[in-house]
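A short write-up of the structure that comes next.
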Amino acid sequence: MKPIKVMSVFGTRPEAIKMAPLVMHLQSRPEFQSICCLTGQHREMLDSVMQIFRLKADYDLQIMQTRQTLSSITSRTLLGMESVLEEAKPDLILVHGDTSTTFAGALAAFYHKIPVGHVEAGLRTWDKYSPYPEEMNRTLVGDIAELHFCPTQNNRDNLLREGLRGEMFLTGNTVIDAMQTTVRPDYVFQTKALNDLDFTGRRVITLTCHRRENYGKPMENVMQAVKTLVERHEDVEVVYPVHLSPVVRECAFGILGGLPRVHLIDPIDVEEMHNLMARSYLVMTDSGGLQEEAPALGKPVLVLRRETERPEAVRAGTVRLAGVEQEAILRHAEELLTDREAYQQMARAVNPYGDGHASERIADAIAWHFGLRPERPADFTASE
Ligand code: UD1
Ligand code: UDP
């Protein structure tokens, strides 16, 4: 029996973190020949994930440029994929989520008439400029893909509402698979700033903020709110691993640089990040991944955005939309710092996004699609 040749195409940090468990699972099964094509949309932040999970790239398009534009990411990926697809001739291409790599990778596959499997399918805000350009990226990939791997029931309902073609599977999110290996109670940080922190005597807030739709005024508001918060609460320490985007770094260092108890550090590897969150009091973020990871760790999350495509944990009461206005962010954060009951209500571990077996379900679904398994995998059911 000839194995199914599956090419995973990814290029940014979150895609790599969430594809890593799946790639490792595919590698472990004889029905598959797994190959990886990196676009290199990110560099340092991508390489760090490849190292942690000991993944090897078969192809690397190396497209990253400083202050790259959406057009440059998309066109450089499309052109780079041409010779790769001609040479590798995969049976299936897997893309993840909603980045420009995701969209261009799926489009390149379509131009070569290669079927596409979309991992983390069906997330929607229904606002094409928020998140920008991610909402449109994932919507367009939905039209291209043959196989849709939806983390939650809500994600699958979104696709059914759109009347999409193709097979839909309810799998859970692979990020929860990744967390099975990264989070450890006896973990020792390698980053000095984290090792020196007093996680028991101080209240540590993990902060991240990088989204393109927050560039400019919204991001300045976030930084100003954090500055006021730290000035008003002496037992608070903020750890902010600052994204390598120059736009983000100018804003973060411009407003928060040099403040006592605000630790602006370089991006940390995913093991450091998960264990940092696990020891924090609160997470404030505009990241998608953190909204899934922190609830699993029992950490309240304030989302620094106007909307979210991840309503499951909001419904469960562990994530709140704080928005991008200074006053609202401060109000939410101060409530969690001063009202014990409000904090306890949010600080519960919930797992609406996965059970640690998403990769297995996705691999089973692919095997079923190619006729190597008699039955579709059973749906993931969330336990809260
Ligand atoms: C991208 C994704 C976004 C995802 C985010 C995760 C798009 C359009 N956006 O946004 O959905 O949430 O990744 O982090 O696909 N840079 C480096 N080194 C790195 C990574 C980035 O120097 O390892 C700098 C470069 O100057 C680059 C800039 O960051 O031009 C922005 O990177 P880019 O991938 O365009 O956007 P992100 O904001 O990272
Ligand atoms: N992350 C990390 N190091 C950092 C910041 C984030 O490893 O310094 C991880 C985080 O735990 C999550 C993923 O990166 O798994 C989220 O990526 P990001 O916020 O860049 O993208 P998004 O999820 O918003 O698309």
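Please treat every number below as a calculation from the coordinates, not as lab data. What you see is a predicted model, and the numbers here were worked out from it, not measured in a lab. Backbone-built Cβ (ideal geometry, glycine too); neighbour counts: all protein chains shown.
The table that follows gives values for the structure above.
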{"item": "Calculated FRET efficiency for the pair residue 200/residue 127, C-beta based, R₀ 51 Å, to 0.05", "result": "0.80"}
{"item": "Radius 15 Å from Cβ of residue 107, net charge of other residues (Lys, Arg +1; Asp, Glu -1)", "result": "-1"}
{"item": "Length-normalised contact order of the chain in % [C-alpha pairs under 8 Å, at least 6 apart]", "result": "15"}
{"item": "Charge context of residue 233, other residues only, Cβ under 14 angstrom, K/R +1, D/E -1", "result": "-1"}
{"item": "Cut-off 19 Å (backbone N to label point 7 Å along Cα→Cβ of residue 212), residues of the stretch 55-78", "result": "62-78"}
{"item": "Helix runs (DSSP H) in the chain reaching 24 Å along axis by Cα, Kyte-Doolittle at least -1.0", "result": "70-88"}
{"item": "Relative contact order [Cα under 8 Å, 6+ residues apart], the stretch 297-354, whole percent", "result": "44"}
{"item": "Listed residue (139, 46, 77) projecting farthest to the positive dipole end of the chain, Cβ model", "result": "77"}
{"item": "Cα centroid of the stretch 217-296 to Cα centroid of the stretch 105-135, whole Å", "result": "28"}
{"item": "Potential extension, residue 193-residue 347 segment - 0.36 nm per residue separation minus Cα distance", "result": "52.9 nm"}
{"item": "The chain: calculated mean residue ellipticity at 222 nm from DSSP helix runs of at least 4, using -39500 (n - 2.57)", "result": "-13500 deg cm²/dmol"}
{"item": "Overall form of the stretch 1-89 per C-alpha gyration tensor (a/c, 1.5; a/b vs b/c)", "result": "oblate"}
{"item": "The stretch 275-384: relative contact order in percent, alpha carbon pairs under 8 Å with at least 6 residues between", "result": "22"}
{"item": "For the stretch 300-316, Karplus couplings with θ = phi - 60° (6.51, -1.76, 1.60), whole Hz, Gly/Pro x", "result": "x, 10, 9, 8, 8, 8, 8, 8, 9, 8, 10, x, 4, 6, 5, 4, 6"}
{"item": "Distance (nanometres) between label positions extended 7 Å along Cα→Cβ at residue 224 and residue 165", "result": "5.0"}
{"item": "Nearest-20 debye value, the chain charge dipole, Cβ charges on Lys, Arg, Asp, Glu", "result": "260"}
{"item": "Charge sum, other residues only, whose C-beta stays under 14 Å from residue 95's C-beta, Lys/Arg counted +1 and Asp/Glu -1", "result": "-4"}
{"item": "Label zone at residue 29 (point 7 Å along Cα-to-Cβ), backbone N below 19 Å, the stretch 82-104", "result": "90-97"}
{"item": "The stretch 15-47-the stretch 139-153 distance, computed between alpha-carbon centres (Å)", "result": "19"}
{"item": "Order by protection proxy (mean Cβ within 10 Å, highest first), peptides 102-112, 12-22, 190-200", "result": "12-22, 102-112, 190-200"}
{"item": "About the Cα centre, charge dipole magnitude for the stretch 26-139 (Lys/Arg +1, Asp/Glu -1 at Cβ), debye", "result": "80"}
{"item": "Residues whose placed amide H lies under 5 Å from that of residue 263, excluding near-sequence neighbours", "result": "238, 239, 240"}
